[in-house]
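Notes follow once the structure below has been shown.
Every number in this text was worked out from the coordinates using simple rules, so none of it is lab data. This structure is a prediction, so every number in the text was calculated from the model and none was measured. Every residue, glycine among them, receives a Cβ derived from its backbone with ideal geometry; neighbour counts consider all protein chains shown.
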């Protein structure tokens, strides 16, 4: 393998972080674009959407959260 | 490029050391690639991506 010899002229302490940052930057840019240009990716990351849709479709909407007992009974 | 295995190059490495570092980088890249393939497969299944 000839490519290993690149580390004879490129210091690994410089080249490896540069490569890692390039890969991370590219990946982050692509995923950020998907996040900002689609509707399903933010919804997917938000979570719980599938469960809410299933509850609405079956008529089993979750009960509204009840206030704490101390608040409900206070007058 | 000389093939003297004992020559210390400007980065302070010999040919053997450079190729050893490179083998670890290749291994890491393969692991990263495998994890990303699994992640994208799951994304394809569970999201509308590419459907």
Calculated FRET efficiency for the pair residue B:4/residue A:22, C-beta based, R₀ 35 Å, to 0.05: 0.65
Label point at residue B:23 placed 7 Å out along Cα→Cβ; residues across the stretch A:4-29 whose backbone nitrogen lies under 15 Å: A:4-5
Peptide A:3-16, shielding by other chains (average Cβ, 10 Å cutoff): 6
Rounded D (µm²/s) - chain B, Kirkwood Rh over Cα pairs, Stokes-Einstein at 4 °C, 1.567 mPa s: 93
